[in-house]
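Heads up, the thing below is written out as structure tokens.
The values are calculated or read from the model by the stated rules, or taken from the named source; none is laboratory data. Remember, it's a predicted structure, so these values are computed and weren't measured experimentally. Backbone-built Cβ (ideal geometry, glycine too); neighbour counts: all protein chains shown.
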Amino acid sequence: MRKAPVPRLMISAASKSSGKTTVSLGLLRHFSSLGERMTSFKKGPDYIDPMWHRRAGSCECRNLDAWMMGKDACRRSFVFSALDSGGIALVEGNHGLHDGLAVDGSDSSAGMAELLDLPVLLVVDSRRMNRGVAAQVLGMQLMPPKVRIAGVILNHVASSRQESKQRHAIETYCGVPVLGALPAEEGLRMPERHLGLVTVDEALDAEGFIGRAAEMVSRHCDTQTIRRLFDEASPLDIPFQEELFSAPVAQGVNIGVFRDAAFCFYYPENIEALRARGAEPVFIDTFRSRSLPDIDGLYLGGGFPESFFPELSSRTALHGAVREKVEGGMPVWAECGGLVYLSRSAVRDGKRWPMAGVLPLDVEYGRRPVGCGYVELESIGDSPWFAAGEKVRAHEFHYSGPAPGKVPPELQFSVAKGYGFDGKADGIVYRNLFASYAHLHATSTPGWAERFVALAQAYRNRGRIAVE
């Protein structure tokens, strides 16, 4: 097996909300503005941070999640994406460096750093500490999985005196250089909402925020040394060049994809998997469309429909077009926000909003998450989408659930882990439509794209026969 240099670096932190996303965005914008070719990755099942990465670095951002995708798929995705960019690869960790479900840390950011042999630039929240910060960094160094912490950035530093104490302690006891100190008075706070960060397209001044992050990082950090850390990563083994997704099963098939501020949760691999199987995605803006284009299938991803209920509720012509296609047998895949859109109505803050009315279902929003985290599902029976006994690993994050009353009888999955639709089951099947609260990654369920495209091809062929 041959090896190749892959300049790379992970940005992580001792704990969540320490500033690693701000630092990541600042570095992406700083280096890309200098002409560096970039690619970026986000550890974990996250949609929003990758949107910010794409804007900051003008590059694709992919997710790396060993639990959901498997280690081999993570390794292939990282290596070939990084090599394809021909530049430097920045990986942003999630939560704290050693936080994870597994007691051995294999699913933590440290586990991913170990898997990909990533040097780590550690962001530390300096507040309420002085020399004791070295104990925190030392613990990060010693805790398994052991990774190489190549540098530290201090964040929210209150004074030059505090910085001096922390810098001296870390460099003395941990043997790690402090490569930056971001002053508390210049602290940037990313815009947030109930599901976490606001998406980059919704933020009022996303460009301004990214620009300020880049300026702060370039002024208060040793960016030249940070850049050299990427090149210090050892060469990586190049995996066998196998296709992540198998050969096409169709030609001339168009799959509509709702993509706008309300529906924006899509993994790049999911769209690529549909293309690899022979389908052409046709992106649809639900705020501007009154009808559907010439499509043979429809993909409704997750997002924030609840933030746009007035606009979505008023698009009655589009609702009717979707209902007509579903009743005609067109395959539809809907995740979380897509499920809400297809429902009869949605209630939030005491107000009911009519939705597309495809499913005999009403949903209600609460103040706390109904389902949050990984889900493990097992198919109860056969459907156009899944075979009996088939298992799926995915993730969920939703504040909505079915309103009290009748629950759709045909649910595809039993829930072994997570919450799903009602704590026990998930996956509404109606004609050739599948809707659930689970967000699926194509690499974890490679048969998904094949079935979707095959259903779309069958629908298209049936229409041609009918016309003839």
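Scanning segment 382-419 for residues that are out of contact with any Asp or Glu (no Cβ under 9 Å at 6 or more places or on another chain) and small (Gly, Ala, Ser) yields a single hit, Ala387. Note on segment 374-430: among residues that are more than 25 Å from Leu455 (Cβ to Cβ) and either buried (at least 23 other Cβ atoms within 10 Å of the Cβ) or not assigned by TED's automatic domain parsing to the domain that holds Ala334 (or both), the one that is nearest to the chain's Cα centre (by Cα) is His398.
Rundown of residues vs (1) touching a residue at least 12 places away in the same chain (Cβ under 8 Å); (2) more than 18 Å from Val217 (Cβ to Cβ); (3) not assigned by TED's automatic domain parsing to the domain that holds Phe397, yes/no style:
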residue: Gly111; (1), (2), (3): yes, yes, yes
residue: Leu138; (1), (2), (3): yes, yes, yes
residue: Asn155; (1), (2), (3): yes, no, yes
residue: Thr172; (1), (2), (3): yes, yes, yes
residue: Gly175; (1), (2), (3): no, yes, yes
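The residue of segment 364-392 that is nearest to Tyr47 (Cα to Cα), among those that are touching a His at 6+ places or on another chain (Cβ under 9 Å) and aliphatic (A, V, I, L, M), is Val375. The single condition among (1) in a strand (DSSP E or B); (2) touching a Lys or Arg at 6+ places or on another chain (Cβ under 6 Å) that Met68 does not satisfy is (1).
Here is a check on your reading of the model: is Arg75 of a type in the set (D, E, K, R) and either free of Cβ contacts under 8 Å to residues at least 24 places away in the same chain or touching an Asp or Glu at 6+ places or on another chain (Cβ under 7 Å) (or both)? Don't jump to the end; show me each part of the working.
On the way: of a type in the set (D, E, K, R): yes; either free of Cβ contacts under 8 Å to residues at least 24 places away in the same chain or touching an Asp or Glu at 6+ places or on another chain (Cβ under 7 Å) (or both): no.
Answer is no for this residue.
If you go through segment 258-271 and pick out every residue that is in a helix (DSSP H, G or I) and in contact with a helix residue (DSSP H, G or I) (Cβ under 9 Å, 6 or more places away or on another chain), you end up with 3. Per the listing Ser343, Ser379, Ser414, Ser383, the residue uniquely of a type in the set (Ser, Thr, Tyr) and in contact with a Gly (Cβ under 7 Å, 6 or more places away or on another chain) is Ser379. Within segment 293-310, can you find the residues that are buried (at least 17 other Cβ atoms within 10 Å of the Cβ) and over 18 Å from the mean Cα position of the chain (by Cα)? Within segment 293-310, Ile295, Asp296, Gly297, Leu298, Glu306, Ser307, Phe308, Phe309 qualify. Quick one: would you say Gly357 is closer than 25 Å to Leu411 by Cα and part of a helix (DSSP H, G or I)? Against the criterion (closer than 25 Å to Leu411 by Cα and part of a helix (DSSP H, G or I)), Gly357 does not qualify.
Tell me, yes or no, whether segment 274-292 has at least one residue that is under 25 Å from the mean Cα position of the chain (by Cα), among the charged types (D, E, K, R) and assigned to a helix (DSSP H, G or I). The answer is yes; a qualifying residue exists.
Return yes when Thr286 is in contact with a His (Cβ under 9 Å, 6 or more places away or on another chain), at pLDDT 95 or above, buried (at least 18 other Cβ atoms within 10 Å of the Cβ) and of a type outside the set (Asp, Glu) and no when it is not. The answer is no for Thr286. Inspection of segment 320-336 identifies at least one residue that is at negative phi, among the small types (Gly, Ala, Ser) and touching a Ser or Thr at 6+ places or on another chain (Cβ under 7 Å). Could we say that Gly87 is modelled with pLDDT of 95 or more and at negative phi here? For Gly87, the condition - modelled with pLDDT of 95 or more and at negative phi - is not met.
Of all residues in segment 202-218, those that are touching a residue at least 40 places away in the same chain (Cβ under 8 Å) and closer than 26 Å to Phe304 by Cα have Cβ atoms under 9 Å from Cβ atoms of residues that are aromatic (Phe, Trp, Tyr) and not in a helix (DSSP H, G or I), 6 or more apart or on another chain, in Glu202/Phe304.
Checking the structure you have, find out if any residue of segment 16-29 is in contact with a Lys or Arg (Cβ under 7 Å, 6 or more places away or on another chain), in contact (Cβ under 8 Å) with a residue 24 or more places away in the chain and either assigned to a loop (DSSP other than H, G, I, E, B) or not assigned by TED's automatic domain parsing to the domain that holds Tyr374 (or both).
Step one: of segment 16-29, the residues in contact with a Lys or Arg (Cβ under 7 Å, 6 or more places away or on another chain) are none.
No - not one qualifying residue is present in segment 16-29.
Just so you know, in segment 25-54 the residues that are surrounded by fewer than 21 Cβ atoms within 10 Å (Cβ to Cβ) and among the basic types (Lys, Arg) include one that is farthest from His441 (Cα to Cα), and it is Arg37.
One residue stands out in segment 331-354 among those that are in a loop (DSSP other than H, G, I, E, B) and surrounded by 24 or more Cβ atoms within 10 Å (Cβ to Cβ): the one that is nearest to the chain's Cα centre (by Cα), namely Cys336.
Taking segment 242-259 as the search range and keeping residues that are under 22 Å from Ala438 (Cβ atoms) and at pLDDT below 95, which one is surrounded by the most Cβ atoms within 10 Å (Cβ to Cβ)?
Among them, the one singled out is Phe245.
Among the residues examined, Asp104 qualifies as among the acidic types (Asp, Glu) and surrounded by fewer than 20 Cβ atoms within 10 Å (Cβ to Cβ). When we screen Ala110, Ala89 for residues that are part of a helix (DSSP H, G or I) and crowded, with 24+ Cβ neighbours inside 10 Å, the only hit is Ala110. On inspection, Arg54 qualifies as part of a helix (DSSP H, G or I), among the basic types (Lys, Arg) and out of contact with any helix residue (DSSP H, G or I) (no Cβ under 7 Å at 6 or more places or on another chain).
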